[in-house]
Each structure stands twice: as structure tokens, then as C-alpha cells.
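Reading through the C-alpha cells given below for one structure.
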Amino acid sequence: MNIDEYSMTFDNPSLWFIEEVKKPYHLNRISKVITNRNYLSGIHKVLDREDAEYKGKKLITRKTIINYAKTVINFHNTYLLGKPVSLTGDTEVINTFNNVYKLGLYNTIDYEILDKVNKYGDAYEYVYTDNGIIKSKIIDSGSSYPVYDDEGNYISFIEHWTDAYSGISYFYVYYPTYVDYWNDEGGTVHLVDTKINATGLPVHYHNFNDMDDYFGISLLNDIRPLLDELEDILSKMGDAIYINSLNPMNVAIGQRIESTIPADATGYVLNLDNGDFKTVSTMMDYNTIKLYLDNVKQFLNDIACIPSALGSNTNIANVSEVSLKMLFHMANIKAQETEKWLNIGMQERFMRFNKILDMQGIKVDGNCEVEYNLSIPVATDEIVKNLKAMKEMGAISIDTIMEKSGMIKDVSAEKSRLSEMQKN
């Protein structure tokens with residue numbers, strides 16, 4: 001089914017996109033994006049804790065916010081794409097695409113795509129040209145409505161939002177060959193402009209989701225329950241320490257004395273008939289609390305695939321390459337999974353590169369693959385020794401050695417410098 005046939009299934013085919021964005025499926029998905037966005041900005045479940053009365057006054061209960069989710073997401077973003085990717089394949093294609101990457105700042109675009117998917121489950125990239133330079137626009141996940149038909153074919157895309165101040169709704173409707181721009185300024189939805197779309201629909205990046213084959217799932221879904229638990233228990237512990245330890249409740253049993261004692265006096269002793277005086281406090285079991293918190297934090301690190309030694313006081317001695325691999329094993333598994341779905345979108349992007357380059361008269365024929373340079377701490381001496389041994393065996397090229405060493409950022413520039421040195 002193409003988009004023309006799909007639009008005919010609506011009551012008003014010419015304005016089908018208005019009904020499309022109101023479908024419960026889209027509304028539910030967009031609400032999750034907004035919820036995650038609010039969570040990352042500090043709106044957490046712990047803020048719903050009720051205040052209480054204590055000693056006749058209103059006690060503002062603690063609402064400790066731990067925005068550890070940002071740290072987890074930033075870790076996975078930088079671990080996989082903190083360093084620029086390397087393009088491998090046919091030499092002609094690689095040289096052309098490397099120039100596109102530099103001019104279009106695509107290393108930053110790659111990072112932004114991964115960041116959006118980790119936060120919201122999906123990211124959308126529209127490839128276009130600006131004064132002959134190939135660039136990409138990352139469309140806001142909260143304004144994105146990809147359209148799939150009943151057979152799962154990606155047939156259209158809607159970018160829709162409503163301005164919070166003017167109340168005007170905007171619609172960019174992407175078709176395979178053109179883009180319509182609509183808004184309801186003046187009270188009625190009307191077509192404002194139509195432009196040619198030379199690169200097709202926006203690329204839809206999404207991770208693997210057991211519940212939905214067409215849309216991804218945020219990393220926050222796995223770690224937020226544990227973070228909520230940590231914030232809740234730490235907030236309650238803070239109140240408990242203040243109330244029961246630092247500010248205990250004094251209890252007097254026996255005859256009540258109506259007289260007063262001078263405020264500046266010290267050392268008074270009151271003897272009451274059949275009375276008693278004591279300070280009520282609770283003794284918290286340190287080991288039990290520590291065990292509980294340590295387990296919750298360990299579960300959080302395991303699910304988030306972050307090495308527990310990072311950010312802790314753990315001292316790591318005698319670190320070898322094997323030790324580092326073991327320490328970052330779960331992070332590597334997460335990165336390998338991310339590479340698989342990210343490569344699907346990358347190949348879609350390269351197809352759009354080829355379309356634009358062909359229209360510019362640049363013929364590119366060949367394959368291009370993406371190689372990721374993980375930001376894992378490495379023992380440089382061991383890497384250099386291994387590369388040297390492979391070179392002596394004749395099993396590796398100079399270009400690959402430069403790429404794998406981690407000490408050369410621009411292989412082409414370094415080769416040019418070596419060539420100039422040999423001439424001199």
C-alpha cells in the first residue's frame with residue numbers, strides 16, 4: 001500500500017495527517033517521550049512524597065533527586081561514539097563519504113542520534129543539501145509521527161507540534177518525493193508551501209523492542225524503577241536521621257508541671273512523684289541498610305551495563321588489557337547490540353548520500369561500512385606490540401595500523417605528512 005491508498009482510508013483524505021496524529025497509538029508513544037523528557041529534567045516520582053506534621057509544625061519531607069539516568073546515558077553515548085567512527089570499504093567511496101562527514105559535522109549527528117534513541121527509543125534523521133553541502137536534521141522525537149501501513153511498510157512521515165504561546169498547530173508532511181507544509185493559523189488548516197523532497201523519507205533509527213518491531217524503547221524504562229527506589233529510601237533515611245537521631249522526641253511520664261524555668265538557667269533537676277523521663281530514639285541497623293543500598297546500586301549498574309568500579313572508591317591495581325575487557329564486558333555487550341540497529345540506519349543514510357551525490361554529478365560505486373572506536377581505557381603498549389607483530393607477519397596494512405593505534409586522528413593527513421617527509 002502506498003501513501004495515496006493509505007490516505008483514502010480516512011474520512012477526509014486531503015487532511016488525513018490530522019487524524020493520523022490523533023491515533024491512540026501515536027498519542028501513547030508521544031506521551032512516553034514527554035514523560036522521559038520530564039524525568040531527565042528532574043521531575044521524579046519522589047517529588048510526590050507527602051509532607052507531614054512534626055512537633056506541631058509542618059515538616060517538609062526530603063525529596064532527594066538522583067539524576068543518575070543522565071550519567072548512564074552519557075556513558076553509553078560516549079563509550080560507543082565519543083570517538084569518531086571510521087568508514088571502511090572501497091577507497092573511492094570512503095574518501096567521498098569522509099569529506100561529506102567532515103563538511104556535514106556527521107560525527108556530532110551520530111552522537112545526537114544515539115543520545116535520542118537511548119533517551120526516547122527512536123530518532124529521526126532527514127538528509128538534505130544546503131548550498132551543495134550534504135547535511136542532516138535530527139527531528140524532535142516528541143514531534144515525530146512515522147507512518148507504517150498494515151504490512152509494516154514505511155510510507156510517510158509527519159512532523160507535528162503546537163506552539164505553546166500562539167496555539168497554532170504546524171504540520172510538515174513528508175512524502176517520498178515532496179514535503180507539504182500546513183498550519184491552522186487563522187482557525188482553519190491550510191497548505192502553506194510544497195517543496196521537492198530529493199532524499200526520501202527521514203531515516204528512522206530505533207533499538208530492539210520485544211513489544212514492537214517498528215519502534216524502540218528507552219533505556220530509562222529499565223533503570224527508572226531502581227532509581228525511584230533509591231531516591232525513595234534515601235529521602236526517608238534523611239528524614240529518619242534528622243527526626244530520630246539529630247532531633248529526638250523527649251517524652252515525660254508523670255505529673256505535669258505548669259510552672260516555667262528561666263530560659264537562661266542551666267542545671268535544673270525536676271523530681272516528680274511516680275514519674276519518669278527518657279529520650280525516645282530509634283537505632284538503625286547499619287549493616288542491614290548498607291546491604292540493601294549496595295544491592296540496589298549493584299542491580300542498577302548491572303541493568304545499566306555500567307562497570308561498578310566507575311565512579312566508586314574501588315582501587316584497581318595491576319590493570320592489564322584482559323582485566324579491562326572483563327571490567328567492561330557488559331558495556332561491550334551493550335555496545336555490540338547498539339551497533340547492530342545503528343548500522344541499519346547508517347546504511348539508509350548512505351543510500352541518501354548516493355542519491356544526492358549522483359544529482360551533483362559525483363558517481364560513487366562501492367560499499368561502505370562503519371567501524372566504531374570504543375572509548376575503553378586501553379593499554380597502549382600492548383596494542384602497539386600486537387600491531388607490530390601483525391605487520392611483521394604481513395597480516396595488516398599501514399593504513400589499518402594507523403587507524404587501530406588510537407594515536408592518529410586523521411589517517412589521510414598523517415599519510416600526506418609522511419609522504420612530504422620522504423620527499424625531503
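No lab work stands behind these numbers, since they all come straight from the coordinates. Computed from a prediction, not measured in an experiment: that's the story for all the values here. Glycine gets a Cβ as well: all are built from the backbone with ideal geometry, and neighbour counts include every protein chain shown.
Before moving on, here are some points about what is shown:
- Calculated from backbone phi, Karplus (6.51, -1.76, 1.60) coupling profile of the stretch 36-45 in Hz, x at Gly/Pro: 5, 5, 5, 4, 5, 8, x, 8, 10, 4
- Among residues other than P225 with Cβ under 13 Å from its Cβ, the summed charge is -3 (Lys and Arg +1, Asp and Glu -1).
- Summed side-chain charge close to C368 - residues other than C368 whose Cβ falls under 12 Å, Lys, Arg +1, Asp, Glu -1: -4
- Across the stretch 19-138, Cα-Cα pairs farther apart than 26 Å form 48% of the total.
- Residue-count net charge about K355 - beta-carbon cut-off 13 Å; Lys, Arg +1, Asp, Glu -1: +1
- Counting all C-alpha pairs of the stretch 58-129, share separated by more than 18 Å (%): 57
- In sequence order, calculated HN-Hα J values of the stretch 70-86 (Karplus, 6.51, -1.76, 1.60; Hz; x Gly/Pro): 4, 5, 4, 5, 4, 4, 5, 4, 6, 5, 8, 10, x, 9, x, 6, 10
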